[in-house]
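Notes follow once the structure below has been shown.
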Amino acid sequence: MDTLLSIGLLASISNATLVGQNAALSSHFNFGENVTGDISICEVRVPSKGVAPCTYYETLGFWGNKGNSTGNGYAGIQESDDRRGNKVHIFSIWHSMDDPSDTANFPYAAYLGHGTTAEHFGGEGVGLKTWNFALRWQPDVWYTHVIRAWDVGKDTHYGFFVRDGASGVWRHLSTIGVKEPRIRIKGPNDAFIEDWKDTGKNMREVHLRHIWRRDGQGEWHPAQSGRYTPNRGDCLPGKRSHHYKNNWDAGTRKDSTGDFYYMRSGGSQTRPSPPLKYPDNMNHVFSVENKADRPDYQKAKIKKISITKKASGLNLVWSMEETSLPQFSYKIELFDNAECAGDPLLSKSEWRPETREVNIDWMPSDHQTVHLRLSIADIFDQSVKEVRMVTLSK
């Protein structure tokens, strides 16, 4: 994890006691099958009792499909000790390890929204991370994390979208560009819980559910099970979690919101629940059945459209309902008939989730009245259309 880079976990020996052995044990859930696709989804919740300092609650971990670390990445939330704030949403993409000094071809921030910032990281891998200290997250609330990959010229872009389960509001926090075409999200989805400092005395816990991957043919694959795997090697004497080698747990639970997976690590009272046992059975496959055919979120909805006539054409501004799925692409068409039939007089489209304003350079010839159709596709490619009539002067 990139926030580990400046920390000396096995720094020194003092009073004959090894330091760097007091971190809570890191552990993983690998969900679903080895599916390569363009969308990955996971919902995450941290219970109030499970909030602990210096903890990464990862939701979406994936690999690129190029055979090196290009396009590998992960997203999640953190309880950070950063001076800028805690309760962070974070998304990172690695640069190819084939040439880590090739800074000219590093991943880059194509879009940053809602107070998100970006910076390069190095040391344990190299790449770009985008993180948001402004929005924060709240305990006991489910957050949906979505990553979508798409092609932009010779590059690949990764969009990171977050839904607040309390307000229902979606936000597009960032897009990271990678200077290589046609990279897609590969492998089962990896989620982990990690203490990046020696704070194993604090118990941390994370809940996960509704894990999906969409393949290259547009088919949705729900994760019906997850393999739980703690970092066994960190339990050995002298390793970072030796003093908390038996303080971890995982499994499935159910509450008023439904079934979910959980991971817990650290804290003096934490112990593995059967069938898990240290050191005999530290790995296990747990299952939560998902009967849905596809993720169930409200599709995109256009909230408002404003059209202003200018000397050179039209200025179009629109907004989206924040509790509906975020925009992925737009298409603008002008027609000379109310049915919007036949070939349009003009057509413009882009895959740009953040765009909400477009200037249309078009002047009327024989047409005094035109009909403008705005089509929006959300991040799951569900479409919505709105038509407006505009009277123009020559």
Query raised in the report: Among the candidates T70, T3, T55, T59, which residue alone is β-branched (V, I, T), modelled with pLDDT of 90 or more and over 16 Å from the mean Cα position of the chain (by Cα)?
Result: T55
Query raised in the report: How many residues are in a strand (DSSP E or B) and exposed (fewer than 14 other Cβ atoms within 10 Å of the Cβ) if we restrict to the range 104-124?
Result: 1
**Report entry** Positions within the range 22-72 being at positive phi and either hydrophobic (A, V, I, L, M, F, W, C) or outside any loop (DSSP other than H, G, I, E, B) (or both), in sequence order
**Finding:** C54
**Report entry** Residue in the range 165-187 that is within 23 Å of P272 (Cβ to Cβ), in the same structural domain as F29 (by TED's automatic domain parsing) and buried (at least 19 other Cβ atoms within 10 Å of the Cβ) present
**Finding:** no
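Given the criteria in contact (Cβ under 8 Å) with a residue 24 or more places away in the chain and over 30 Å from the mean Cα position of the chain (by Cα), does P279 qualify?
Here the answer is yes, as P279 does meet what is asked.
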**Report entry** Filter result for the condition that a residue is aromatic (F, W, Y) and under 30 Å from F31 (Cα atoms), over Y330, Y297
**Finding:** Y297
Report task. Taking A191 as the residue in question, decide whether it is hydrophobic (A, V, I, L, M, F, W, C), at pLDDT 95 or above, within 21 Å of the chain's Cα centre (by Cα) and part of a strand (DSSP E or B). Result -> yes
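Restricting attention to the range 73-86, does a residue exist that is in a loop (DSSP other than H, G, I, E, B), surrounded by 22 or more Cβ atoms within 10 Å (Cβ to Cβ) and either touching a residue at least 24 places away in the same chain (Cβ under 8 Å) or under 15 Å from the mean Cα position of the chain (by Cα) (or both)?
No, every residue in the range 73-86 fails to be in a loop (DSSP other than H, G, I, E, B), surrounded by 22 or more Cβ atoms within 10 Å (Cβ to Cβ) and either touching a residue at least 24 places away in the same chain (Cβ under 8 Å) or under 15 Å from the mean Cα position of the chain (by Cα) (or both).
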Report task. For T355, state whether it is modelled with pLDDT of 95 or more and either within 22 Å of H145 (Cβ to Cβ) or in contact with a Gly (Cβ under 8 Å, 6 or more places away or on another chain) (or both). Result -> no
Report task. Go through (1) touching a residue at least 24 places away in the same chain (Cβ under 8 Å); (2) in contact with a Pro (Cβ under 9 Å, 6 or more places away or on another chain) one by one and return the number of the condition H120 breaks. Result -> (1)
Report summary line: Of the candidates S96, S101, the one satisfying the condition of being surrounded by 18 or more Cβ atoms within 10 Å (Cβ to Cβ) and either more than 25 Å from G218 (Cα to Cα) or assigned by TED's automatic domain parsing to the domain that holds I185 (or both) is S96
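Conditions (1) in a strand (DSSP E or B); (2) surrounded by 12 or more Cβ atoms within 10 Å (Cβ to Cβ); (3) outside the structural domain of L25 (by TED's automatic domain parsing); (4) in contact with a His (Cβ under 6 Å, 6 or more places away or on another chain), marked per residue:
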| site | (1), (2), (3), (4) |
| --- | --- |
| P279 | no, no, no, no |
| D293 | no, no, yes, no |
| V317 | yes, yes, yes, no |
| K331 | yes, yes, yes, no |
| E339 | no, no, yes, no |
| R352 | no, yes, yes, no |
| V370 | yes, yes, yes, no |
Report summary line: If we keep only residues of the range 307-331 that are among the small types (G, A, S) and at pLDDT 95 or above, then the residue nearest to L345 (Cα to Cα) is S329
Requested in this report: Could you please give the count of residues in the range 42-81 that are within 29 Å of R184 (Cβ to Cβ) and among the hydrophobic types (A, V, I, L, M, F, W, C)?
Outcome: 7
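The values are calculated or read from the model by the stated rules, or taken from the named source; none is laboratory data. It should be emphasised that the depicted structure is a prediction, and the values quoted were computed from it without experimental measurement. Methodologically, a virtual Cβ is constructed for each residue, glycine included, from the backbone with ideal geometry; neighbour enumeration extends over all protein chains shown.
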